[in-house]
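Chemist: Structure in structure tokens, see below.
The values are calculated or read from the model by the stated rules, or taken from the named source; none is laboratory data. Because the structure is predicted, anything quoted here is derived from the model rather than measured. For neighbour counting, all protein chains shown are included, and Cβ atoms are generated from backbone atoms with ideal geometry for every residue, glycine included.
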Amino acid sequence: MHRSTLEQWYILQTVIDVGGFTAAAKQVHRSQSSVSYAIKNLQQQLDVELLRIHGKKVQLTPLGATLLEDVRPLLKEFANIELRAKLLTAGAPANIKLEVDSIYPKSLLFRALSAFKQTFPHTQVELKEIVRLAPTNSLANCDLSIGLPFNGKLMAQKLLDVELVAVAHPAHPLHHLKKTRLTEADLNHYIQVHLDNNHQYASATIERSSQRWTVNTVDAAIEAVRSNLCFGWLPAHRIEDLINQGELTALPLDMGRVRSIPLYLIYMDYDRRNPAIQALAELICEV
């Protein structure tokens, strides 16, 4: 059995934080004598002097200061567990499942998640990143999704358009065809990187090159193009620095050099959304 209890350590912490036994008694809703008794028992059980009293001033001993600093994280974690239990009992969700298309800007995503944590610190967000550059009929196992709508019956709100820019390494043959404008026929002679998360891509408007290398992350697509292995349409916000540094160069296409992908915030079940899901959705829209 443990010689001390969390309650005793909590009382000691309160005595130190508020500066005395009288104020601590009010804080913990106990009598001053019971607070003194708890501290006395704690010291006896540990056989350690934790406090010294100088008139009305209470001061930790060096050993007491060390031990209390070790205990503070445990007390905070225990308080969090109790609060989490209270929130869950009241109906707050333990977690929210959020599915996000990988081309959605990460800076916006994590700004919204940081703000959400301030209001719902005990609700965990399970984040899953996917590639979905075209609508599908599949239903995701999540509460909220950022991407293209899979189903016209789902509630969805337009967030933004992500621009995809056709780029290649400066040494890529497409930059050396001695043509001021490139056509789709020119592109079809070269390998294009293709983003696909499930190998069932079926878009009539994006990435129609006859030669494809398929990857399932934006990072892999960027690295493939940087390595001069292929060309591709990549998210402009992800490659802006690479273009400015001369590592990638926009292709001089006759048309379609820039393509826009609209991204929406999608509720999987709008009627059953809870306050936490609604709050996260509103923050995503705000940023």
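Chemist: Among the candidates Leu133, Leu164, which residue alone is buried (at least 18 other Cβ atoms within 10 Å of the Cβ) and either over 26 Å from Glu286 (Cβ atoms) or modelled with pLDDT under 85 (or both)?
Modeler: Leu133
Chemist: Filter the stretch 17-41 down to the residues that are of a type in the set (A, V, I, L, M), more than 21 Å from Glu82 (Cβ to Cβ) and in contact (Cβ under 8 Å) with a residue 24 or more places away in the chain and list them by number.
Modeler: Ile39
Chemist: Any residue that is at pLDDT 90 or above, more than 24 Å from Tyr104 (Cα to Cα), of a type in the set (Phe, Trp, Tyr) and not in a helix (DSSP H, G or I) - is there at least one of those in the stretch 253-267?
Modeler: Checking the stretch 253-267: not a single residue is at pLDDT 90 or above, more than 24 Å from Tyr104 (Cα to Cα), of a type in the set (Phe, Trp, Tyr) and not in a helix (DSSP H, G or I).
Chemist: So which residues in the stretch 264-287 are of a type in the set (A, V, I, L, M) and either free of Cβ contacts under 8 Å to residues at least 60 places away in the same chain or within 23 Å of Arg212 (Cβ to Cβ) (or both), if there are any at all?
Modeler: none
Chemist: If the requirement is being modelled with pLDDT of 85 or more, closer than 30 Å to Ile130 by Cα and in contact with a helix residue (DSSP H, G or I) (Cβ under 8 Å, 6 or more places away or on another chain), which of these qualifies: Leu98, Leu74?
Modeler: Among Leu98, Leu74, only Leu98 is modelled with pLDDT of 85 or more, closer than 30 Å to Ile130 by Cα and in contact with a helix residue (DSSP H, G or I) (Cβ under 8 Å, 6 or more places away or on another chain).
Chemist: Between Asp254, Asp269, which is in contact with a Lys or Arg (Cβ under 6 Å, 6 or more places away or on another chain) and surrounded by fewer than 17 Cβ atoms within 10 Å (Cβ to Cβ)?
Modeler: Matching residue, one of Asp254, Asp269: Asp254.
Chemist: Consider the stretch 224-252. How many of its residues are charged (D, E, K, R), within 17 Å of Val193 (Cβ to Cβ) and outside any loop (DSSP other than H, G, I, E, B)?
Modeler: Residues in the stretch 224-252 being charged (D, E, K, R), within 17 Å of Val193 (Cβ to Cβ) and outside any loop (DSSP other than H, G, I, E, B): 2 in total.
Chemist: Still on this structure: Can Tyr264 be described as within 25 Å of the chain's Cα centre (by Cα) and surrounded by 17 or more Cβ atoms within 10 Å (Cβ to Cβ)?
Modeler: yes
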